[in-house]
Amino acid sequence: MSSSFVTRRTFLKTGSLAGAAVLTGGAAGARRRQGPVVIASANGAGCVAEAMRHIQEGADALDAVVAGVNLVEEDPQDTSVGYGGLPNAEGVVQLDSAVMHGPTGRAGAVAALEGIKYPSRVAHVVLQRTDHVLLVAKGAQAFARMHGFPVENLLTERARQIWVRWRENLSTQDDYLPPHGPDDIDIGEAFKRTQEHWGTIHCSAIDLGGNISSVTTTSGLAFKVPGRVGDSPIIGAGLYCDNEVGAAGSTGRGEANLESLASFLIVERMRAGDSPEEACLAACQRIADQTRLRRLQNERGEPAFNVSFYALNQAGEVGGARIRGAGGRMAVADGDGARMVELAHLYD
Ligand code: ASP
């Protein structure tokens, strides 16, 4: 971290644990736009290329980013988004998604949506064909059916098996038994949530007309309490976009982001002069400062979980940051082609 950054930035000076912040410098930040730009979370390498292809053909940024994330929504191998996403505690896949369109300032979103493979497309239709922003659960599905979306079984065999393994190993006190032998006594190991139970895709873009739009789509936290909604479909949390300033989106522990509205914060910090990477680090710091419950902290008092942010500004600069750990990445496509770039991080 450069010392000039520390002196310049009040948030890092005042942040209680700020000393650990690491900027990636030129890799992800400070890149002037020569044309359109697309960014996405690390699972969006194909997504940014697809969105860029649509933009180069003249598509509006919102149409392009939705087309990009559709690739991941329909991919049964990605267990964190759309078809093949891990289900809730009852084995039902419930999807969340939101879109935001910079030129009109309009947003659309769906939450706890069941049976529809492309929740981002439904969110887009909410934006286009209602006077509302957010539809949930049965109402969201009825709206999707009204607009011709087929209702399908989204629980793939792979996701079902992972869910059954989770359920059978949840407790040694219930009557669900994982595979066991005749001599086994304590059947069912303590279940631990791991990183593979998180995941989402965020994508934002600037199109040929210089307009900005964003989308975030997810199956949310694996094995969640039925009806639980994360940050992804909440405007200002899972994504935010202002055509005059830039856009931001998130992946990771949604509850922490819901209590900080960090995508809105990132766009406002960019409006005040932060680079995308600085603004994303500020959002990480805000979450760290707000994480006061001991059960959410590690032995050093730092957040024990991760949230990642991805941002671009009107000038076409891109950057991202996450709370914990080097090695985080984001996907970027611009005039130089598609590539992965490093995220800054707050704590090692
Ligand atoms: N942010 C998502 C949620 O909380 C999950 C994730 O990105 O892993 O639903």
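The values are calculated or read from the model by the stated rules, or taken from the named source; none is laboratory data. Worth saying up front: this structure is predicted, and the values here are computed from it rather than measured. When we count neighbours, we look across all protein chains shown, and the Cβ atoms used for this are built from the backbone with ideal geometry, even at glycine. All accessible areas refer to the heavy atoms of the entire protein, side chains included, with ligands and DNA or RNA removed. Shrake-Rupley method; radii C 1.70, N 1.55, O 1.52, S 1.80 Å.
Brief remarks follow.
- The single condition among (1) more than 29 Å from residue 127 (Cα to Cα); (2) modelled with pLDDT under 95 that residue 198 does not satisfy is (1).
- Filter result (within 8 Å of the ligand (Cβ to nearest atom) and of a type in the set (Asp, Glu)) within segment 241-259: 255
- Enumeration of residues in segment 315-348 that are within 17 Å of residue 61 (Cα to Cα) and open to solvent by 60 Å² or more (accessible area, probe 1.4 Å): 335, 338
- Residue 282 in contact with a Ser or Thr (Cβ under 9 Å, 6 or more places away or on another chain), part of a helix (DSSP H, G or I) and over 21 Å from residue 120 (Cβ atoms): no
- Within segment 257-279, the residues that satisfy the criterion of being under 13 Å from the mean Cα position of the chain (by Cα) and surrounded by 24 or more Cβ atoms within 10 Å (Cβ to Cβ) are 257, 262, 263.
- Pair list, Cβ < 8 Å and 6+ apart or interchain, from segment 264-289 residues that are farther than 26 Å from residue 301 by Cβ to residues that are among the polar types (S, T, N, Q) and open to solvent by 10 Å² or more (accessible area, probe 1.4 Å): 270/313; 275/313; 276/313
- Test result for residue 248, at pLDDT 95 or above, assigned to a loop (DSSP other than H, G, I, E, B) and closer than 23 Å to residue 272 by Cα: no
- Residue 339 vs. criteria charged (D, E, K, R), more than 19 Å from residue 48 (Cβ to Cβ) and over 15 Å from the mean Cα position of the chain (by Cα): no
- Hits in segment 90-101 - residues which are closer than 19 Å to residue 155 by Cα and either open to solvent by less than 30 Å² (accessible area, probe 1.4 Å) or in a strand (DSSP E or B) (or both): 91, 93, 94, 95, 96, 97
- Residues within segment 219-240 that are near the ligand (Cβ under 8 Å from one of its atoms), among the small types (Gly, Ala, Ser) and surrounded by fewer than 24 Cβ atoms within 10 Å (Cβ to Cβ), tallied: 0
- Residue in segment 64-78 that is closer than 18 Å to residue 314 by Cα and touching a helix residue (DSSP H, G or I) at 6+ places or on another chain (Cβ under 7 Å) present: yes
- Every residue from segment 241-251 that is surrounded by fewer than 24 Cβ atoms within 10 Å (Cβ to Cβ) and either closer than 16 Å to residue 85 by Cβ or charged (D, E, K, R) (or both): 242, 244
- Those helices (runs of 4 or more DSSP H) lying entirely in segment 1-85 with at least 3 residues crowded, with 20+ Cβ neighbours inside 10 Å and either within 16 Å of the ligand (Cβ to nearest atom) or at pLDDT 95 or above (or both): 45-56, 61-73
- Residue within segment 202-213 that is in contact (Cβ under 8 Å) with a residue 24 or more places away in the chain, within 11 Å of the ligand (Cβ to nearest atom) and open to solvent by less than 40 Å² (accessible area, probe 1.4 Å) present: yes
- Any hit, segment 134-145, residues being polar (S, T, N, Q), without any contact (Cβ under 8 Å) to a residue 60 or more places away in the chain and open to solvent by 60 Å² or more (accessible area, probe 1.4 Å): no
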